[in-house]
Amino acid sequence: MIPEILDAFFAALIDPGAIGLSLVGVLVGIVLGALPGISSTMSLAILLPLSFSMNTTHAMMFLLGIFSASVYGGSISAILINIPGTPGSIVTQMDGYPMAKHGRAGEALTYAALASAFGGILGWLLLVTFAPLIARVAFQFQSPEYAAVTLFGLSMLAYASPGSTFKALVSGILGLLLAAVGLDTITNVSRFDLGSDHLQSGISIVPLAVGVFGLAEVLRNIEGSGQRYEVIKEIRRIFPPWSEARRLWPVAVRGSLIGAMVGAIPAAGSAIGVAVAYAQEKRLSREPERFGTGIPEGVVAPESSNNACVGGALIPMMTLGIPGDAMTAVLIGALLIHGLRPGPFLFRDRLDFVAVVYASLLTAIVLTTVVGLLGVRYFARILRTPRNVLMTGVAVLCVVGSYAVRNSFFDVLVMVTFGIVGYAMQKVDMPVAPLVFGLILGPLLEENIRRTLIVYHEWLIFVQRPISLAMLLVTAAALLYPPFAGWRRRATGRERPPVAVGPTQNPPS
Amino acid sequence: MSKAKKDLLTGLVLVGVTLAGFWSLRTNETIATFDFGTDPGPALFPRLLLSALGVSSLAVLGAAGWRLRRAVEPRRSASARPRGRAWWVLSFVATLTAYVFAMPAVGFLPATLTFSVFWTVLLRYQDVKRFEARSILRSVLAAAALTGAIYLLFVTGVRVPLP
């Protein structure tokens, strides 16, 4: 197994086309991640169709380049204009922008790049180490366990989503219903097709994801006031003093470990990881009152966590087929287009692909660091991209990208429809990420429930098998805890404790 | 829109989806007549989901009704309401839909160029609240460049046969 992985790993690394596409992905990812109004998820969703004509290695190099770099790119706008470019950089702005206002913009950007590299490498190491182990455990799973794990993934997303857990759950149920549209995979009976041949093949994940993550954000931006911001243009010193930098490595280690572990929890997302990492550093600090005034710890902790989340989020995706966050949900769409079903059997049947993912992520981390450090003086120019050109360009990309999936205008109409649906859902405070998760996990959940009932002829089997029972108990706890906690607070008259900046799976505009 | 009204609207839509879903299953002849043996059949999962959705929609409506009855939600001041922003969104959606339908008829380049020019100029107006000849010209050139770049990227790069 190891020689096979190493062969495929090094083959990917010495492919000049693959490295070139990774570099393109990194450059595009940094630029789009830096632009307010374009989140990492949106970047990946609208550029995903470009990967369809590529082979699997090139596609992974390109997409993981965008994935990793856009996560780092969000720190640029957080530091230079006090607006997070991505949800994961919401916390970086709290100290990054004050550092920039004190004339340390260059140093803040360098800290962000180096912390991102550190976190990215640690997340990668956790992925490489633990993914095969988890896959080995997952091989023991049968249909009851798969059904329970899938339900667990959906419930975690509902728990982790901003705002109402209940509304997130409803969004997930809608996603599961959308997954039922079209031909049933077991009996080939068509459901909810409204008499349309197009709907018999189901709703494709890519147009839906482009619509809810791409077009919906364009609509929100058009409705909004069009953010005006002042870019800090003066970049003086780039490299921070060594005496200051060398004492920050424990901060980077802690942030990275938190980020990787949170990222590995299905559906948790980087926004939670960065908030926890920042809060932890503040708690451990001898001078917690300095956080928020422009200290390097306030940049290093969230940025290392942010990028470690990338490796962490790939763990449940690769081993269980469950998205680690909204971005890996979009990535699963890409894998499905390329004929790959993520899950433990990748580690048995497609070790070459596993190696390609490892190589792609490592390449993306290295290139992001290099480009990030070289580009510190020039990033302010990215932020001068006119909004009118940006939003129009994104809308056209959404249209063309959805068309490119199957050369079908029906997919474009699906994209437009779900763009409107995504926009409307956000207006009524209903998170959209669970809708996408539901669409991806629906077939998995249904097949495994029905397969279980076909084999075992009863529902009790779900609570008789220990792993399945454990997953269901955790699911129940995740869903019942928020209303219980709310009831307790009301009953005792206690105020809700203040929390760090709330996570959002709905990208900020 | 107040939270109560948002919940009311949400609840009504969810009730509509639930009823439409159950109606679709009921009128599906194959599901109604076929014996699937030991397989619980393709209707089980949707029925479970629709039942959950139905209960949820009633809960949302209940919460909305409770809030409306207690209603002491502060009125937003006129200055806080976005003026005419909904029309921008509706216009964008309408023109986008027209663009999608026009593309197979007139071709990608004319349709995209028209859409891009229209919205780069309008969105610029939305930012600065006036039309300026120089910025209109820049917007037109940017839209043309954007259209050309996307065409080259997808036709030459990704090899998608655009109309």
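Report every pair of residues separated by at least 6 positions or lying on different chains whose Cβ atoms are under 8 Å apart, first residue within region A:368-379 and exposed (fewer than 15 other Cβ atoms within 10 Å of the Cβ), second among the aliphatic types (A, V, I, L, M).
If the second residue must be among the aliphatic types (A, V, I, L, M), the pairs left are A:Arg377/A:Ile235; A:Arg377/A:Ile238.
Mind listing whichever residues of region A:427-442 are of a type outside the set (A, V, I, L, M, F, W, C), in a helix (DSSP H, G or I) and buried (at least 19 other Cβ atoms within 10 Å of the Cβ)?
Within region A:427-442, A:Pro434, A:Gly438, A:Gly442 qualify.
Determine the pairs where a residue that is within 9 Å of chain A (Cβ to nearest Cβ), located within region B:124-142, has a partner that is aliphatic (A, V, I, L, M) and buried (at least 16 other Cβ atoms within 10 Å of the Cβ) with Cβ atoms under 6 Å apart, the partner being 6 or more residues away or on another chain.
What qualifies is B:Ser139/B:Val121; B:Ala142/A:Val389.
Can you confirm whether B:Thr97 is surrounded by 11 or more Cβ atoms within 10 Å (Cβ to Cβ), at pLDDT 90 or above, within 9 Å of chain A (Cβ to nearest Cβ) and under 19 Å from A:Ala424 (Cβ atoms)? Give the derivation first.
Numbers: surrounded by 11 or more Cβ atoms within 10 Å (Cβ to Cβ): yes; at pLDDT 90 or above: yes; within 9 Å of chain A (Cβ to nearest Cβ): yes; under 19 Å from A:Ala424 (Cβ atoms): yes.
Taking the combined requirement at face value, the residue satisfies it.
Using beta carbons and a limit of 8 Å, which pairs, at least six apart or on different chains, have the first residue in region B:21-49 and part of a helix (DSSP H, G or I) and the second one among the aromatic types (Phe, Trp, Tyr) and at pLDDT below 85?
none
Give me a count of the residues in region A:383-406 that are part of a helix (DSSP H, G or I), more than 7 Å from chain B (Cβ to nearest Cβ) and within 22 Å of A:Gly29 (Cβ to Cβ).
Qualifying residue count for the region: 6.
Output yes when any residue across region A:407-418 is within 11 Å of chain B (Cβ to nearest Cβ), without any contact (Cβ under 8 Å) to a residue 60 or more places away in the chain, more than 30 Å from A:Ser161 (Cα to Cα) and assigned to a helix (DSSP H, G or I), and no when none is.
Checked region A:407-418: at least one residue is within 11 Å of chain B (Cβ to nearest Cβ), without any contact (Cβ under 8 Å) to a residue 60 or more places away in the chain, more than 30 Å from A:Ser161 (Cα to Cα) and assigned to a helix (DSSP H, G or I).
If you check A:Ala179 against the conditions, is it more than 25 Å from A:Tyr456 (Cα to Cα), buried (at least 21 other Cβ atoms within 10 Å of the Cβ) and within 14 Å of another protein chain (Cβ to nearest Cβ)? Break it down stepwise before answering.
On the way: more than 25 Å from A:Tyr456 (Cα to Cα): no; buried (at least 21 other Cβ atoms within 10 Å of the Cβ): yes; within 14 Å of another protein chain (Cβ to nearest Cβ): yes.
In short, no.
Being among the polar types (S, T, N, Q) and more than 7 Å from chain A (Cβ to nearest Cβ) is the filter; apply it to region B:5-27 and report the residue that is nearest to the chain's Cα centre (by Cα). Spell out the reasoning first.
Within region B:5-27, the first condition is being among the polar types (S, T, N, Q), and the residues that meet it are B:10, B:18, B:24, B:27.
Adding the requirement that they be more than 7 Å from chain A (Cβ to nearest Cβ) leaves B:18, B:27.
On the way: B:Thr18: 20, B:Thr27: 28 Å.
Selected residue: B:Thr18.
Could you list, in sequence order, all residues of region A:195-204 that are in a loop (DSSP other than H, G, I, E, B) and under 15 Å from B:Thr30 (Cβ atoms)?
So in region A:195-204, the residues in a loop (DSSP other than H, G, I, E, B) come out as A:195-196, A:201-204.
Listed by number, the list holds a single entry, A:Gly195.
The values are calculated or read from the model by the stated rules, or taken from the named source; none is laboratory data. Because the structure is predicted, anything quoted here is derived from the model rather than measured. Quick reminder, even Gly has a Cβ in these numbers, built from the backbone with ideal geometry, and neighbours come from all protein chains shown.
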